Amino acid sequence: MKNKIPQAFFPIVMIIMIGIICIYSIVAGSNTDFGNNKEVGNLYGDFNRQQKQYIKENSTITVYVDSNLRYLMNDDGTGYLWDYMHNVLKPAGISFAFTNDSTEADCYLMVIDDKLREKNSEADYTTPLFQVEGTIFAKENKADLAGFNGVIMDGRVDAGDIKKIKYDNRTIDFTEADTAEEAVRTALENDLDFIAGDRAAIMNVLNGSSKYIAEEDSLYSSNACIMVSKETPALCEILNECLYAADRNVITYRAGQKWFGGNAPRYMSDSYEDMYMLVLIIFTAVMIAFFIYYQANKNLYHELNDRMEKLNESKRELKTTFNGVGYYLAEIDLEGNILDINRAFYNFVSTDTANRKVWDVLDLEHKYEERIQQMLKDIAEGKATHTIEIRLKKQTLDIDVFPIENGRGSIEKMLFMAMDVTRERMAERQLLQDNKMIAVGQLAAGVAHEIRNPLGIIRNYCYVLKNMSDENVKAKAIEQIEKSVDNSSAIINSLLNFSRISTKHGETVDIEDHIWSLIQLNNNILKKKKIDFEINCEDKVVTFLAVESLDMILINLISNATDAMSDNGSLRINVFKYADSFEIDVEDTGTGIEEDILQDIFNPFFTTKGNKKGNGLGLYIVYNEVNKLNGTIEVESKPGEGSKFRLTLPLTEEGTGKEEKNDQGKS
């Protein structure tokens, strides 16, 4: 009795399974929508804004059908293709119409091969709609043939591969034809031995003729896709969404059964209907042998399949993202050899990169090559790295390298990323120069006044030289003239040095002397507002840095301090020297800054001066220039008491290499 229970259980299970399959077959056979279970318009909500806008602006999509596929449609437009397109596009609520005029079409239904892709390299292609199977149609009396001469549809099979094929140990000789109609006509007119091409297309042209019989074996399979201009990416995305949502296996199978008795193109070879009995027999044997084992492990099996599918999907998405980004990306090994690159990188270098060093492909200078090698070494050792900036002729690139770890956490590969920042650097330089010119305009009146005084002295002593004969008086006059010229020259040189276009080159600077030269440019407004100023530098500070950046920092801080004070204010600039850095404090007795806006003062376009006095870029530029000098800036302020800006910069000697960091931007 105990043995009968499992013996009866397995047949019952198999009967239930067979019943389920039969019910499924009946339900699937009664599905008039060819397997597309979505309702009309059900896909529309999945489209993005651009895709919806395209559908709104284009009520009907016109489709041009390639001549090699027109056998799939009747003269009135009905047929296999109409049923296929209708069931694919119906869930999106999209209307379509076929056209014979390629110039009026929105897209083109074609059999895609390598020649077509090369000819239309600027076009996008959808996922395949269905597959066109190719085979050989041979004469019925082919056994009596000495050779084997025929015609092949152009582009379907590589000519070199065809020449290697032998049919029943007979060498194949052939010509090519552009269409199925031309291939059949050529074969009939020249009494050729065979025709090779699209099975359904040639059968349609032969129209029941028994002179040429189709072989059972497939010669090739080609994809039928919709070609869309890259100028309308939304259309390609809409069509792909529809195709992904549709059950193309069922659609092609049902349409083929309806219009061609099963001989039409299919999405993939579908032998479900013919193999049900064999599958059931095999399935029954496997179920009896492994039923218990399957029941115990089926959940694990499904979970593994789901994870594998998600993994493959993630790989595809990652590959798409890798090729889609505008950065120059390369996958490299620990030695810097290129393993893979994205499309942007290939378009940038336009050369072979396989197993070449990344710095050789980019043709970098030796100093940049050493920096990248050091980055790779640091990353391999687990150290933090910084973005580096390199210059290639007329371009500027920001370089980053990121580790790629394996499942054990070891670094086996790295991701090399280069971003073209040429425009950004040019914009930054132009912004810096524009701000300089604004400052120059503000300082011009004061500089003119400072120069006018020495000119007055020169004029007076020129009068003395003309009217006095005393040599001592003349000598004193000449001395005063020379002194006035030197003073004027110093002021002009300070203004020219400040206004020159930034080169980012470092110079050795005496900080106290340099601050005094900048004060000269503001001397007139300081006198006009009766502002007392003082510069204190207990120790001599000489450092190597980008002078233009320091100028922009100090001029903006001095100008802001002057604007913040009314008459009889006080401006103090204190310089302190430390072991490997120095500090500049700019302190005023102005109106101060409210505590709740202190965190915003370095943001671009934020100003407390009003639209007429400030553009909100001064302190933003100060903050960026301090970062470029690898320094820090802090602010202390109390409303009604004044503000203190504390600038800390590294103390660097020429030749140490630290100045090169000024070209790297932010870390």
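Extension gain, Thr351 to Asn305: 0.36 nm times the residue separation minus the Cα-Cα distance gives 12.6 nm. Residues of region 534-569 with an amide N closer than 11 Å to a point placed 7 Å from the Cα of Glu507 along the Cα-to-Cβ direction: 545-551. Of the cross-linked pairs Lys115/Lys230; Lys367/Lys577; Lys319/Lys413; Lys315/Lys413; Lys528/Lys577, those separated by over 23 Å at the C-alpha level are Lys367/Lys577; Lys528/Lys577. Other residues whose C-beta falls under 13 angstrom from the C-beta of Lys310 contribute a net charge of -2, scoring Lys and Arg +1 and Asp and Glu -1. For Leu116, the solvent-accessible surface with a 1.4 Å probe is about 30 Å², rounded to the nearest 10.
Looking at region 87-132, which GluC sites (Glu not before Pro) are in a loop (DSSP not H, G, I, E or B) and have at most 13 other Cβ atoms within 10 Å? Sites meeting the loop and neighbour criteria: Glu122.
The packing ranking, built from the mean of other Cβ atoms within 10 Å per residue, places the peptides 91-102, 537-548 in the order 537-548, 91-102, highest first. Shown here for region 286-393: GluC sites (Glu not before Pro) in loop regions (DSSP other than H, G, I, E, B) with at most 11 other Cβ atoms within 10 Å, namely Glu335, Glu381. If r is the Cβ-Cβ distance from Met426 to His366 and R0 is 25 Å, what FRET efficiency results, to the nearest 0.05? Plugging the Cβ-Cβ distance into 1/(1 + (r/R0)^6) gives 0.45. For Glu507, nonlocal amide neighbours, meaning residues 5 or more places apart or on other chains whose placed amide H falls under 5 Å from its own, are Leu545, Ala546, Val547. Taking each residue as 0.36 nm, the span from Asp46 to Glu653 lengthens on full extension beyond its C-alpha to C-alpha distance by 212.4 nm.
The values are calculated or read from the model by the stated rules, or taken from the named source; none is laboratory data. Values in this document were obtained by computation on a predicted structure and should not be read as measured data. Cβ atoms come from the backbone with ideal geometry, glycine included; neighbour counts cover every protein chain shown. Accessible surface is based on the protein model in full, side chains and every heavy atom, while ligands, DNA and RNA are left aside. Shrake-Rupley method; radii C 1.70, N 1.55, O 1.52, S 1.80 Å.
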